[in-house]
1. Any chance you could run the full-extension gain for Leu58 through Leu98? It's 0.36 nm times the residue separation minus the Cα-Cα distance, nm to one decimal.
2. Using Cα centres only, tell me the gap between the range 26-84 and the range 119-146 in whole Å.
3. For the range 99-140, take the convex hull of the Cα atoms, compute a quarter of its surface area, and give me that in nm², please.
4. If you put +1 on each Lys and Arg Cβ and -1 on each Asp and Glu Cβ, how big is the dipole of the chain around its Cα centre, in Debye rounded to 20?
5. In the chain, once you exclude exposed GluC sites (Glu not before Pro) (DSSP loop, at most 13 other Cβ within 10 angstrom), what's the longest stretch remaining?
6. Fewest first, what order do Asp87, Asp69 take by the number of other Cβ atoms within 10 Å?
7. Sequence neighbours fewer than 8 away in the same chain don't count; with that in mind, list the lysines whose C-alpha is under 21 Å from Lys97.
8. If each residue's Cβ is checked for other Cβ atoms within 10 Å, how do Asp49, Asp107 rank with the fewest at the top?
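Read the figures in this text as sums done on the coordinates, not as results from a lab. This structure is a prediction, so every number in the text was calculated from the model and none was measured. Don't worry about glycine lacking a Cβ; one is built from the backbone with ideal geometry, like all the others, and counts go over all protein chains shown.
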Amino acid sequence: MFRKLLILSVAVIFVSSCGDAPVPKPKATLRLEYPAPLYSGISKECPFDFEQNKAATLENFKDCSFNLDYKGMNAKIYITYKAVDGDLDLLLRDAQKLTYEHVVKADNITEQPFINDDKGVYGMFYMVRGNAASQSQFYLTDSTRNFVTGSLYFSSKPNYDSIMPAAAYLEDDIRHLMESFTWN
């Protein structure tokens with residue numbers, strides 16, 4: 001009886017161990033692809049016009065301040081308009097201060113000046129690298145009457161490695177917004 005049980009156990013082990021040898025999986029990275037941006041002009045009763053990506057929804061429009069909501073990416077660009085009333089220096093300092101408040105978590109903040117003399121649009125684009133709350137910030141002004149700021153935020157805990165593809169896509173959208181921006 002013991003012999004039959006031993007032979008049966010050995011047979012079960014041989015049959016169950018048959019199969020392909022395990023092969024390690026190759027290293028891979030997540031590849032996120034976003035649709036090619038399609039832009040359309042935005043024209044409200046505000047002192048400015050610009051083009052936005054059709055993937056974004058304009059929301060909470062009030063006093064020429066609003067959000068561009070990218071639902072598929074859990075991201076929003078918050079845009080605020082202020083009239084310059086002799087306080088351009090203060091508005092510039094506030095915009096720079098808002099950006100540099102992220103320096104605690106940021107690995108790097110790159111400034112990119114923006115000048116469009118033909119349209120009278122001047123500003124700065126900030127690219128924030130690292131686990132900061134905002135990945136991009138910008139401001140635009142005509143340097144006499146109008147001032148616009150914008151900030152990109154994701155609706156998730158900042159993890160730069162995870163949001164980097166979406167942040168790069170939205171940085172291109174912000175650049176297009178700035179390049180298409182005109183004062184009325």
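1. Fully extending the segment from Leu58 to Leu98 adds 12.1 nm.
2. 14
3. So the mean shadow area of the Cα hull is 2.7 nm².
4. 1460
5. After excluding every exposed loop site, the longest remaining stretch is 46-184.
6. Fewest-to-most ranking of Asp87, Asp69: Asp87, Asp69.
7. Correct list for Lys97: Lys76, Lys82, Lys105.
8. Asp107, Asp49
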